[in-house]
Structures are given as C-alpha cells and as structure tokens.
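Q: Mind having a look at this structure? Questions to follow.
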Amino acid sequence: MPTSFQTVLKTSTLAFAAAASMGWASLSQAQQPGPPPGPGMEHHDDHGGGERRYEFRDADREKLRKHYNGDLKRVDRGHRPDFREGQPVPPEFRGRIKPVPQNVRRDLPPPPRGYQMGYYDGYTVVYDPVSFTILQVLDILR
C-alpha cells in the first residue's frame, strides 16, 4: 500500500505544481496594462541601450491625417487628453490607444526597439508599452 500512496502523492504534487504555475503565468499576463502588442510590436525589456529618440517627419502628419480622416471629424477637441513627450499616458486612456496599422506604419520611421506606435483621439504616439511613457507625440489635428 505505501507504494500506491506514494504514487498518488507524487502525481497530486506534480498536478498541483503545474496548475499553480499556469495560474501565476496567467495572473502576470492579466496584470499587464493596456492592450497586448500587435504583430511586429513586441515589447523588449532592453531598449537597445542607446539613446531613445524618435522624430516624425513633416510628411508623416499628412499621411496619418489621411488615414484617420474619418475619426478626426468625430474628435471632441475640447475634451481630449493632453499627451506630452516624457510623460506617461494617463491610466484612463491606456486601453484606448490603438496600434497604428501596418499599412500606415510601413511609410513611417520605425519606432525604437521596445516601443510601440499608437493612435488615440487625433494623437499618434510612440510609447513604451510597459510604463506608457511617451517618447514622441504628433497631434495630427494641428
């Protein structure tokens, strides 16, 4: 009898350990702020070690304005958030930032490694998807 008890105990312990690790993994995933990165927008903890810079070009504003034209007509200019470089995206807007589509991004300079490019309410932002710190912002309504 001790042998079957030991087998049941080992099996139960392994099953519990597997279930616990899956639970912790899903819990840590659920705690990530905002939407998950889209294809080609994976987050890397290492921002490359170099200086983090991004500059929109003059032509980028018009490209983005054309793409988001329908949305721009619906923007309530008097009640938009104030996105600023070096500041985090306010928590209440983090889940509202949508990735800039690939067909638009391919004509823009790529964001630095570990950063994402998103759009919300007339703003295109390059930001860190973990801290939500804005590296660069372009107000395409201006």
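The values are calculated or read from the model by the stated rules, or taken from the named source; none is laboratory data. Everything numeric here is computed off the predicted structure, so don't read it as measured data. As a convention, Cβ positions derive from the backbone with ideal geometry for all residues, glycine included, and neighbour counts pool all protein chains shown. All accessible areas refer to the heavy atoms of the entire protein, side chains included, with ligands and DNA or RNA removed. Shrake-Rupley method; radii C 1.70, N 1.55, O 1.52, S 1.80 Å.
Residues are listed down the side, and each one gets a yes or a no for (1) closer than 13 Å to Phe56 by Cα; (2) at pLDDT below 95:
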position: Asp71; (1), (2): no, yes
position: Arg74; (1), (2): no, yes
position: Arg77; (1), (2): no, yes
position: Arg80; (1), (2): no, yes
position: Pro88; (1), (2): no, no
position: Pro91; (1), (2): no, no
position: Tyr119; (1), (2): no, no
position: Asp139; (1), (2): yes, no
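Q: Further question: Enumerate the pairs (first residue in the range 92-106 and assigned to a loop (DSSP other than H, G, I, E, B); second residue anywhere and open to solvent by 50 Å² or more (accessible area, probe 1.4 Å)) with beta-carbon separation below 9 Å, excluding pairs fewer than 6 apart on the same chain, so at least 6 apart or on different chains.
A: If the second residue must be open to solvent by 50 Å² or more (accessible area, probe 1.4 Å), the pairs left are Val100/His67; Pro101/His67.
Q: Note down all Cβ pairs under 6 Å where the first residue falls in the range 65-84 and is in contact (Cβ under 8 Å) with a residue 12 or more places away in the chain, the second is among the aliphatic types (A, V, I, L, M) and assigned to a helix (DSSP H, G or I), and they're at least six residues apart or on different chains.
A: Going by the 6 Å Cβ cut-off, the qualifying pairs are His67/Val104.
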